[in-house]
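Nothing in this text is a laboratory measurement; each read-out follows from the coordinates by a stated rule. If you're wondering where the values come from, they're calculated on a predicted model, not measured in any experiment. FYI the Cβ positions are ideal-geometry reconstructions off the backbone, even for glycines, and counts take in every protein chain you see.
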Amino acid sequence: MRKVAVVGIGQTVHGRRKDVSFPDLIYEAVEKALDDTKLTIEEVDAVVSGSMPAPMEGTNAPHLWWADALGARSKPLMRIATCGTTGMSIAHSAYYHVASGLFDVVLAVGAEKMYENDPQAVMATIAEPFFQRKFITGAPVIFSFQCNEYTHRYKLPEERVRQATAMLSVRNHTDALDNPYAHIKIKITLEDVLKSRIIAYPIRFLDVCPISDGACAVIYASEDKAKKITDNPAWIKGVGYAGDEYWMGDSDKVQWASAIIAARRAYKMAGIENPLKQFDVAEVYNPFTYQELIYYECFGFCEKGEACKLVEDGTVMRDGELPCAPSGGVLCTNPIGATALIRVAEAALQTMGKAGKHQIPDVETAFASGMGGLNQLNGVMILGKTP
Amino acid sequence: MFKKFKGGHMRKVAIVGVAQTNHGENLQQTVRELIYDVTVETLAKTNLAKDDVDTVVASTSDYWQGMGCSNVFHYDAAAGYLKDSTKAEEDGALGFMYAYMRVLSGHFDTALAVSAIKSSEISSISTLTNLYCDPFYQRPIGLGDISSAAIQARLYMHRCGITEEQAAKVSVKSLGNAFYNPYAHRRARITIDDVLKSRVVAHPLKELDCCPASDGACAVLIASEDKAKKITDNPAWIKGVGWSVESYFLGDRDLLDVEALRVAAGKAYGTAGIKDPSRQIDVAEICAPYSFQELLWYEHLGLCGVGEGGKLVDEGVTEMSGALPVNPSGGMLSTNPYTARGLVCIAEAALQLMGKAGEHQVSNVKTTLAHSMHGLAGQLHSVIILSSD
Amino acid sequence: MSEEVVGVVSETISLPYTWTAGPVGVRFLKALKDKKIMGTVCPRCRRVLVPARRFCPRCFVDTTEWVKVSDKGTLKSFTLINYSFTGQPKNPPYLIGMIQLDKADTCFFHFLGGIDLSNIEKACKEVKIGMRVQALWKEKREGKITDIEHFEPITER
């Protein structure tokens, strides 16, 4: 099977980008990726793009609007859109474009301009209109159910979970200060988190991601091309994805099948048996602090019910055994269509040694994940220094 | 027989089974149930179980469905529970391309491409297609699917002398062919005069020059060589594919010089060894939601010379009885389930090869062409060449 | 009077939709008019799926039987909404519950009511996972999921 690597990355500064139109934002990221690789747009064989539901920015089939900004004119172009996992699905699609043998150099771009409308109103339409839409209204609702269930399931003292999640919030906000592209850059304390306004109980304001405008471009290449383009490609070692059924009340979202299986698939491909030991950094998709605890367990970083310990022990802090989201994570930067692709980009930057101030030393293998839908979809990509 | 590429051999992949709904209006099932129907039917036809489908690529659309993240709604309806299933939005042909790449990669041996749409759930199709336009320059002008096709048609008449009568012949052929297609939405025995006399919708397009807005679903199952040979005696082998896109702003494009289609066809023909399309292709299922577009796509597919689309239809070449039947299924003028239509074209092209096109079966079919497009005046085109060996 | 900024376009897009719930959905919703909550049974895994479904998402086979489930159930999770957005069904704060009705194997979602929300921190502590709840039906029912006003906590002996 064909070996594929990430060879270059471009990110916009994420935040509130009133200064640019949607295509402008994309062009910014694409230019940066081309600059990073010293490739010309002619050398790109195909383009994969995506974002959240087109109604979020109010233009249908936005890949058509972006065609020129993507440099995709007269090239193969597709739009991949799988809710919050969009960025990961774009990453996977670019991988398969190259792995198929049809293309050698593929540009993957995810983007979002969330300030252009009311994102919760759009996300409320993910639930069908007959039974669920009135109740499952937007992202915080979806995840708050899961969070409450988690605490109850393992009979954990609410206080303990509350403390651990507050520590995660402080960790992410602190780490974001060292990421030039991150959106939210504020210094916060544990007290700030615990006192912040309830959004959807138990989630408080500082437990939850922002809405962001931003774009991320990642260039994938076949083995031959990758070795010519850069001295240290980030090789794709494992890919995995899975989805639960549509109905949110059907499956357990604490021992979360789609998350467990997506990871298992990627681990099998990459030969990962002990994630805690074998990963040097993990860009876990973490829009909600409580959900990150659930992910540690589903991804096998610890046993069931033990996630709080990973936080309390410092294991998942920046100087711990398995730093999680040293970029500041989704909690500080969330242009949704790009977000999961940013996880891949950040993981690649880590193995390539290009993560600047938030570089973790000696990264051999990096983990990236994405999540979406009514707690329905999960995707994983593992990158490594060696092919 | 493998195709070589740098460092490896390309797998042979084939379409092994297809299913469509009876396309129409106000289908009573939800999009989720329509996807379930075509998936179940495809599995039944190929004698496979749901776990024999390794991966699924869906191609529905949020705006068309009125639901954010449309594919989550029907994820498990496409036998996708706990599978690796994804979505290539807007055009079933792109879903097919992605499914093909997944199997080519060797990571999957079977893949299901699926799509469904219920146009009847949208009260104002033109309001929706107006939303393809950017909010600044094209949307306030009220441009949409029909108006952009009309502008293209007018230019075609002006520059190449194509007449409304020639375009009308496409409508007559399409709606007439549909009588032999049990899945078709619209069927009618009409004359050129009927088309010319129908109400002007956006000059020069009259009502009978335009596609309907259909409800429908389609599924296409592909498999790698070993699996394909076990599943069916007559797989439809994928010989070449290509897809490409034009610039966005209508004014940036030469609407009659559709580079995207030439590039897409060029790629597909190149891999498939098609040097003389009008001779080597036996049947073509072309996506032409507006009569004039069929003639224009003939030219870009190399079925005739530039400006000669009208001539081809005058000579009857693309009739059922002609040398190169185009749209024996009735095409998009008969059946137009927007996001699913690309898969319908592919399915019909496969049925012809597999000898399963029933009453609209063309004889001696060895190589077929399937085409799809979406976007204003055809901004993004896909071309697939299938053959029986 | 504020001046419009050049290059900034504001628009509210209204796109009318008319969706059908499909034959199974229609039957389920009609039953709500009679204060009946119906589920369908998967012949393979035997789970009772609520709301009623045409096929089992896991086994991928048509469901065969219709059964009535209770309008009483257990709260499996909940949240209190404290944010606003366009087109929201209620003004915050309000509660939503994830409820497993007696006899059903899946959960479904609805409003929780009958709880004092004047102090939301306090209210969140009062709602407990595992609580028993029961549907409060509207007087006038139309065959919509909102024929149930909300689910209220109940005490059972």
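What size of dipole, in debye to the nearest 20, comes out for segment B:240-295 about its Cα centre when the only charges are +1 on Lys and Arg C-beta atoms and -1 on Asp and Glu C-beta atoms?
Roughly 220 debye for segment B:240-295.
Report Rg/Rh for segment A:254-366, rounded to two decimals, where Rg is the Cα radius of gyration and Rh the Kirkwood radius. Don't jump to the answer; show the numbers that get you there.
On the way: Rg = 13.2 Å, Rh = 14.2 Å.
That ratio is 0.93, to two decimals.
Helix B:291-300: angle to the longest alpha-carbon principal axis of chain B, degrees 0 to 90, nearest 10?
The angle comes out at about 70 degrees.
Tell me the relative contact order for chain A as a rounded percent, counting alpha carbon contacts under 8 Å between residues six or more apart.
Answer for chain A is 25 percent.
When the label point is put 7 Å from the Cα of A:Lys357 along its Cα-to-beta-carbon vector, which residues of segment A:290-326 have a backbone N closer than 18 Å?
Residues A:318-319, A:325-326 fall inside that zone.
Let me know the Rg and Dmax you get for chain B when you use only its Cα atoms, in Å.
19.4, 60
Using only helices, what value at 222 nm comes out for chain B when you add -39,500 (n - 2.57) per DSSP H run of length 4 or more and divide by the total residues, to the nearest 500 deg cm²/dmol?
The per-residue figure over chain B is -10000 deg cm²/dmol.
Counting only C-alpha contacts under 8 Å and six or more residues apart, can you give the relative contact order of segment C:22-153 as a whole percent?
Result for segment C:22-153 is 24 percent.
Compute, for the protein assembly as shown, the length of the dipole vector about the Cα centre, with Cβ point charges of +1 (Lys, Arg) and -1 (Asp, Glu) only. Units Debye, rounded to 20.
The dipole magnitude comes to about 1940 debye.
Which value, in Å to one decimal place, does the Kirkwood hydrodynamic radius take for chain A when every pair of different Cα atoms is included? Could the numbers behind the result be given before it?
Numbers: mean 1/r = 0.0492 Å⁻¹.
One over the average 1/r among Cα pairs gives 20.3 Å for chain A.
D for segment B:144-223, whole µm²/s, Stokes-Einstein with Kirkwood Rh over alpha-carbon pairs at 10 °C and 1.306 mPa s: what number?
Reported coefficient: 113 µm²/s.
Using label points projected 7 Å from each Cα along Cα→Cβ, tell me how many nm separate B:Phe249 and A:Tyr154, to one decimal.
Each label point is offset 7 Å from its Cα along the Cβ direction, giving 5.6 nm.
Enumerate the helices in chain A for which the Kyte-Doolittle hydropathy averages 1.6 or more and the C-alpha atoms extend at least 20 Å along the helix's axis, using complete DSSP H runs.
Helices meeting the criterion: none.
Kirkwood hydrodynamic radius (Cα pairs, Å) of segment B:58-113?
After inverting the pairwise mean of 1/r, the radius is 11.6 Å.
Using only the Cα atoms of segment B:1-91, what semi-axes does the equivalent ellipsoid have when each is the square root of 5 times a gyration tensor eigenvalue? Give whole Å, largest first.
Output for segment B:1-91: semi-axes of 28, 17, 13 Å.
What distance in nm separates the two pseudo spin-label positions at C:Val9 and A:Val20, each 7 Å out from Cα along the beta-carbon direction?
Computed distance between label sites C:Val9 and A:Val20 equals 2.0 nm.
For segment B:286-389, state the semi-axes of the equivalent ellipsoid (square roots of 5 times the eigenvalues of the alpha-carbon gyration tensor), sorted largest first and rounded to whole angstrom. Write down the numbers at each step before the final one.
Values: eigenvalues 78, 60, 30 Å².
Listed largest to smallest, the semi-axes of segment B:286-389 are 20, 17, 12 Å.
Express the relative contact order of segment C:1-86 as a whole percentage, based on alpha carbon pairs under 8 Å and six or more residues apart in sequence.
21 percent
Taking every pair of alpha-carbon atoms in segment C:22-153, give the share separated by more than 24 Å as a whole percent. Working shown, then result.
Values: 2956 of 8646 pairs.
Within segment C:22-153, distances greater than 24 Å cover 34 percent of Cα pairs.
At 10 °C and 1.306 mPa s, what whole-number value in µm²/s does Stokes-Einstein give for the translational diffusion of segment A:136-280, with Rh from the Kirkwood sum over Cα pairs?
Calculated translational D: 85 µm²/s.
Segment A:220-292: which trypsin sites (Lys or Arg not before Pro) are DSSP loop and have at most 12 other beta-carbon atoms within 10 angstrom?
Loop-located and lightly packed - none at all.
Hey, if you put +1 on the Cβ of every Lys and Arg and -1 on every Asp and Glu Cβ in the protein assembly as shown, which of C:Ile99, B:Ser148, C:Val6 ends up farthest toward the positive end of that dipole?
C:Ile99
For helix B:145-160, report the angle its Cα long axis makes with the longest principal axis of the Cα atoms of chain B; keep it between 0 and 90° and round to the nearest 10°.
60 degrees
Stick to Cα atoms and the Kirkwood definition of Rh, then tell me Rg/Rh for segment A:48-186.
Across segment A:48-186, the Cα-based Rg/Rh ratio is 1.05.
By what distance, in whole Å, do the Cα atoms of segment B:39-160 stretch along each of the three principal axes, largest value first?
52, 35, 27
Report the percentage of all Cα-Cα pairs in the protein assembly as shown whose separation exceeds 48 Å, rounded to a whole percent. Walk me through the numbers on the way to the answer.
Working: 88064 of 434778 pairs.
The proportion of pairs with Cα distances above 48 Å equals 20 percent.
Pairwise over distinct Cα atoms, reciprocal of the mean inverse distance: report the Kirkwood radius of segment C:53-108 in Å, one decimal place.
13.9 Å
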